[in-house]
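Let me begin by presenting the structure, written as structure tokens, before commenting on it.
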Amino acid sequence: MRNMYLLFRIKITTVRTCFHLGHVERKLHEKHVKRRIWGSCIGAGRKKNDKERPRAVRTHDITLDKEYVQWIHDIKQRFRSAQIKAAVKVNSEQLLFNWQLGRDLVIKRAEEKWGRGVVEQVSLDLQAAFPEAKGFSARNLWFMKQWYTFYSSADNAVQLISNLENQIDTTSIKLKQVASVIQKQKLKQLDSEMLFPLIFAYVPWMHHVLIMQKCKSIEEALFYIQRTVEESLSRNALDNIIRADLYHSLGTAITNYDQRLPEPQGKLAQELLKGNYDLGFVSLPEEYDEEALETAIEQRMTRFLLELGEGWAFVGRQKEIIISGKTRKIDLLFYHIYLRCYVVLELKVKPFDPEYAGKLNFYVNAVNEFIRKDSDNPTIGLLICKDMDRTEVQLAFQGITTPMGVATYDNVKIKEIQEYLPTAEQIQQQIEIAEEEYRISLSEKKDR
């Protein structure tokens with residue numbers, strides 16, 4: 001019995017020893033593997049528990065020169081270009097799909113053939129087949145049908161779109177790197193129906209939805225498509241210019257830009273200015289003056305810049321210019337990035353008076369003389385007043401060689417008198433302060 005017990009102890013010890021040795025061997029193996037992995041991480045430029053931090057390179061291991069810097073720059077440019085191309089390709093394919101699905105719903109007369117609920121049924125079928133995909137809601141499918149109908153229903157749509165595609169210079173916009181990609185895509189075209197306009201591939205889907213919902217004509221819609229492409233507008237920025245009715249308001253200011261400025265600056269300046277500016281974001285008392293209007297605009301300058309349009313940069317208010325020892329002050333001075341020139345903006349809270357043209361002429365010439373650099377285009381002037389008579393403005397501009405324009409403003413909100421009266425809470429607070437001051441005064445008298 002004792003021998004059996006000893007044999008059992010020996011087996012247990014042997015098993016424990018083997019287990020221990022195996023454990024030690026595993027530990028050594030794991031340590032070796034970790035060491036190899038650790039070494040690999042260092043070799044790959046990473047450290048343990050360090051998120052992709054590059055390894056420091058010793059200065060004697062590398063020699064950098066201009067060729068290397070240029071090479072790295074080229075690599076970065078190629079990578080950025082590849083990213084943009086991929087994004088635009090995905091966007092264009094999705095837009096083509098939306099266009100063709102909208103076309104199918106129209107030319108197949110789907111509702112007449114399969115019933116009024118066919119769009120909802122198509123939505124359910126597509127969502128069941130592609131549960132991970134987005135954009136198959138019934139509402140989105142209705143947008144696709146509306147999109148195709150909006151552009152294909154007009155007789156002159158194809159010609160207008162063709163004119164727009166020829167007009168836009170894709171080499172001068174941010175998408176110039178991928179202009180060729182869109183042209184080379186072998187998109188599935190239709191035999192008899194309206195083709196998918198390639199220019200549409202530059203505009204995101206929800207931009208298209210916004211445009212067709214807000215615009216009443218194809219001409220207006222294409223105007224905003226062009227602005228979106230050329231200026232890379234976000235959806236919010238696009239919504240802002242549509243709300244401001246930029247299509248109808250641009251180019252309506254009375255100016256002499258086309259006669260006084262060289263091409264293409266004169267034409268562009270005329271197109272960029274509105275005939276009327278909406279100052280509905282400004283709130284003033286009923287009897288306000290120019291200083292109050294300037295102050296209110298300066299306080300809401302971001303909103304005013306949005307109303308002015310793209311490309312405006314604010315330089316300063318009451319900008320001082322020393323002329324013959326006298327200080328002259330310009331109401332508002334801007335710089336227009338697209339025109340590459342200063343813009344002198346004078347505000348008048350009264351209707352246009354011919355003498356205003358002389359003052360504006362003086363300030364424009366002063367900026368040309370004392371502020372404008374050789375690289376800047378000639379300064380232009382813009383007078384925004386309460387009202388104007390077209391004939392008076394045109395007569396006032398005769399004989400003036402300075403490029404100037406006149407526009408109007410409206411919708412300034414007039415504050416009610418109640419806005420200037422203190423609230424009940426403010427009155428109570430003032431009473432409490434007065435009572436406290438009175439108690440302190442009595443206490444001081446007693447101490448004396």
Would the stretch 359-379 turn up any residue that is part of a strand (DSSP E or B) and under 21 Å from Tyr335 (Cβ atoms)? no
Is it the case that Lys329 is outside any loop (DSSP other than H, G, I, E, B), touching a Leu at 6+ places or on another chain (Cβ under 6 Å), assigned by TED's automatic domain parsing to the domain that holds Ile371 and within 18 Å of Arg372 (Cα to Cα)? no
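Yes/no per residue for (1) on the phi > 0 side of the Ramachandran plot; (2) of a type in the set (A, V, I, L, M, F, W, C); (3) in contact with an Asp or Glu (Cβ under 6 Å, 6 or more places away or on another chain); (4) touching a residue at least 12 places away in the same chain (Cβ under 8 Å):
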| residue | (1), (2), (3), (4) |
| --- | --- |
| Thr327 | no, no, yes, no |
| Ile330 | no, yes, no, yes |
| Phe334 | no, yes, no, yes |
| Leu360 | no, yes, yes, yes |
| Glu369 | no, no, no, no |
| Ile380 | no, yes, no, yes |
| Lys386 | no, no, no, yes |
Exclusive hit being touching a residue at least 40 places away in the same chain (Cβ under 8 Å), surrounded by fewer than 14 Cβ atoms within 10 Å (Cβ to Cβ) and not small (Gly, Ala, Ser), set Asn156, Asn163: Asn156
Residue by residue through the stretch 228-270, note down the ones that are among the small types (Gly, Ala, Ser) and in a loop (DSSP other than H, G, I, E, B). Ser232, Ser234, Ala244, Gly251, Ala253
Quick check: is even one residue across the stretch 273-290 in contact with a Gly (Cβ under 6 Å, 6 or more places away or on another chain) and either assigned by TED's automatic domain parsing to the domain that holds Val315 or of a type in the set (A, V, I, L, M) (or both)? yes
For the condition farther than 25 Å from Glu392 by Cα, crowded, with 16+ Cβ neighbours inside 10 Å and in the same structural domain as Asn361 (by TED's automatic domain parsing), what is the one hit in Gly311, Gly266, Gly316? Gly311
Restricting the search to the stretch 288-326, which residues are outside any helix (DSSP H, G or I) and at pLDDT below 90? Gly309, Glu310, Gly311
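Within the stretch 288-308, is even one residue among the charged types (D, E, K, R) and in contact with a helix residue (DSSP H, G or I) (Cβ under 6 Å, 6 or more places away or on another chain)?
No, there is no match, as no residue in the stretch 288-308 is among the charged types (D, E, K, R) and in contact with a helix residue (DSSP H, G or I) (Cβ under 6 Å, 6 or more places away or on another chain).
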Go over the candidates Gln77, Gln127, Gln146 one by one and state the one that is touching a Gly at 6+ places or on another chain (Cβ under 8 Å) and surrounded by 10 or more Cβ atoms within 10 Å (Cβ to Cβ). Gln146
Selected residue (criterion: surrounded by the most Cβ atoms within 10 Å (Cβ to Cβ)) from residues of the stretch 292-308 that are aliphatic (A, V, I, L, M) and closer than 14 Å to Leu246 by Cα: Leu308
Here the residues within the stretch 249-285 that are over 15 Å from Val343 (Cβ atoms), more than 21 Å from the chain's Cα centre (by Cα) and at pLDDT below 85 are Gly251, Thr252, Asp258, Glu263, Pro264, Lys267
Looking only at the stretch 102-161, which residues are among the charged types (D, E, K, R) and over 29 Å from the mean Cα position of the chain (by Cα)? Arg103, Asp104, Lys108, Arg109, Glu111, Glu112, Lys113, Arg116, Glu120, Asp125, Glu132, Asp155
Matching residues in the stretch 188-226 - criterion: being more than 20 Å from Trp142 (Cα to Cα) and in contact with an Asp or Glu (Cβ under 8 Å, 6 or more places away or on another chain): Leu198, Ile199
Which pairs turn up if I take residues in the stretch 104-117 that are in the same structural domain as Glu193 (by TED's automatic domain parsing) and surrounded by 11 or more Cβ atoms within 10 Å (Cβ to Cβ) and look for partners that are at pLDDT 85 or above and charged (D, E, K, R) with beta carbon separation below 7 Å, at least 6 apart in sequence or on another chain? Leu105/Lys145; Val106/Lys145
Output the residue which, of all residues in the stretch 390-448 that are of a type in the set (A, V, I, L, M, F, W, C), out of contact with any Cys (no Cβ under 9 Å at 6 or more places or on another chain) and under 30 Å from Leu345 (Cβ atoms), is modelled with the lowest pLDDT. Ile414
Could you list, in sequence order, all residues of the stretch 380-414 that are polar (S, T, N, Q) and in a strand (DSSP E or B)? Thr408
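The values are calculated or read from the model by the stated rules, or taken from the named source; none is laboratory data. Fair warning: this is a prediction, and the values are worked out from it, not measured in the lab. Because the Cβ atoms are built from the backbone with ideal geometry, glycine has one as well, and the counts that use them run over all protein chains shown.
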